[in-house]
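**Student:** Here it is, the structure in full.
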Amino acid sequence: MRKYLMAGNWKMNLVPSEAKKFAEDLVKSIKDLDKDVEVMICPSFVCLPAVKEAIKGSIIKLGAQNMNENEKGAFTGEISADMLLDIGVEYVLLGHSERRHIYKETDQLINKKVKYALAKGLKPVLCIGELLEEREAGKTDEVNRRQLVEGLKDVSANDMANVVIAYEPVWAIGTGKVATPEIAEETQANCRKVLSDLYGQTIANNVTIQYGGSVTDTSVDGLMSQKNIDGALVGGASLKLDAFTRIAKFNKV
Ligand code: 13P
């Protein structure tokens, strides 16, 4: 049985006092949530301590948005796994489209981060996804295969129990153009096939694969009704309490 993971990626939004208040309100609004569903929020680094405090004792998990691949040292402006662990962070987003495209992170760098996070006991959410021109050129599956194979290079079968995949087509991120449930399902089924080629069917069947890209409270049910969609990674709508609460409380249709 795969677990459902409904996550908010707050990106570079909310100051610590706002983040704390939002997290406190979210704790109240999802109190009666189904036990099979995990909810996570990924605030900016400086908001992590306040949010950790606000979600204490609740079911909400804490994730960071990035992490450096080295233990410590002269890496001005970077954040280490130990720093995240000391605050009580459990998950870390790695290879997000904005890290790949704005900050030029490569599959090789992302792979180092994934392996380092796992070695430290953090759960990586490996984000993958094709550009619009890659989809239009018929390269969707090839791109996602490459990002999975390279991103998971030398990750052991045992470690896969702690890895989450987030399929986020770049053309759907922040554009309001959510993938149809059918397109997301087809692509994610192919991603699971890649995991099966790498690790075998049993392990592949246990990996949570989220969909991300313009998910809203109105599109979540259709997406979550698909066989290979096990959660959502939500940007814009995760900053609206009502919308994100409804997303966390999705219904299968
Ligand atoms: P939006 O939901 O704003 O499209 O962002 C998706 C995303 O990038 C989550 O990581």
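**Student:** Scale the Cα Rg of segment 138-253 by the rule-of-thumb value 2.2 N^0.38 Å and send over the ratio, two decimals. Could you put the intermediate results ahead of the total?
**Tutor:** Values: Rg = 14.2 Å, N = 116, 2.2 N^0.38 = 13.4 Å.
The value comes to 1.06.
**Student:** Evaluate 2.2 N^0.38 Å with N set to the residue count of segment 19-132, then give the Cα radius of gyration divided by it. Could the numbers behind the result be given before it?
**Tutor:** Numbers: Rg = 14.9 Å, N = 114, 2.2 N^0.38 = 13.3 Å.
Against the empirical 2.2 N^0.38 Å value, I get 1.12 for segment 19-132.
**Student:** Exposed loop sites here are chymotrypsin sites (Phe, Trp or Tyr not before Pro) in DSSP loop states with at most 16 other C-beta atoms within 10 Å. What is the longest stretch of the chain lacking them? Kindly include the intermediate steps, with their values, before the conclusion.
**Tutor:** Working: sites that count: Phe75, Tyr103.
That gives 104-253 as the longest site-free run.
**Student:** Quick one: if you take sqrt(5λ) for each eigenvalue of the C-alpha gyration tensor of segment 75-218, what semi-axes come out, biggest first, whole angstrom?
**Tutor:** Values: eigenvalues 115, 70, 42 Å².
They are 24, 19, 14 Å, listed largest first.
**Student:** To continue, here is another question. Where does the chain land at 222 nm, in deg cm²/dmol rounded to the nearest 500, when only DSSP H runs of n ≥ 4 count, each adding -39500 (n - 2.57), divided by all residues?
**Tutor:** -11500 deg cm²/dmol
**Student:** Would you mind pulling out the separation of the Cα centroids of segment 140-170 and segment 88-128, in Å?
**Tutor:** A separation of 11 Å, based on Cα centres.
**Student:** Give the residue list of GluC sites (Glu not before Pro) in segment 113-222 that are DSSP loop and have at most 12 other beta-carbon atoms within 10 angstrom.
**Tutor:** On the way: sites: Glu130, Glu133, Glu134, Glu136, Glu142, Glu150, Glu182, Glu185, Glu186; in loops: Glu130.
Answer by residue number: there is no such site.
**Student:** For the pair Asp82/Met1, report the inter-label distance in nm, with labels modelled 7 Å from Cα in the Cβ direction.
**Tutor:** 3.9
**Student:** Oh, and also: Among the listed pairs Lys11/Lys31; Lys20/Lys139; Lys28/Lys72, which are separated by more than 31 Å between their Cα atoms? Let's see the in-between values first.
**Tutor:** Details: Lys11/Lys31 24 Å; Lys20/Lys139 42 Å; Lys28/Lys72 37 Å.
Result: Lys20/Lys139; Lys28/Lys72 exceed 31 Å.
**Student:** Kindly give the semi-axes, whole Å and largest first, of the ellipsoid equivalent to the chain, taking each as the square root of 5 times a Cα gyration tensor eigenvalue. Provide the component values of the computation, followed by the final result.
**Tutor:** Values: eigenvalues 123, 103, 59 Å².
Semi-axis lengths for the chain are 25, 23, 17 Å.
**Student:** Calculate the spin-label point distance for Asp36 paired with Ala137, positioning each point 7 Å from the Cα along the beta-carbon direction, and give it in nanometres.
**Tutor:** Label at Ala137, label at Asp36, 4.1 nm between them.
**Student:** Would you mind calculating the gained length between Gln201 and Glu90 on full extension (0.36 nm times residue separation, minus the Cα-Cα distance), in nm to one decimal?
**Tutor:** Values: separation 111, 0.36 × 111 = 39.96 nm, distance 2.63 nm.
Full extension from Gln201 to Glu90 adds 37.3 nm.
**Student:** Here's another thing I want to ask about it. Given an 8 Å cut-off on Cα distances and at least 6 residues of separation, report the relative contact order of the chain as a percent.
**Tutor:** Once normalised by length, the contact order is 21 percent.
Every number here is computed from the coordinates shown, using simple stated rules; none is lab data. Model, not experiment: these values are computed from the prediction. Because the Cβ atoms are built from the backbone with ideal geometry, glycine has one as well, and the counts that use them run over all protein chains shown.
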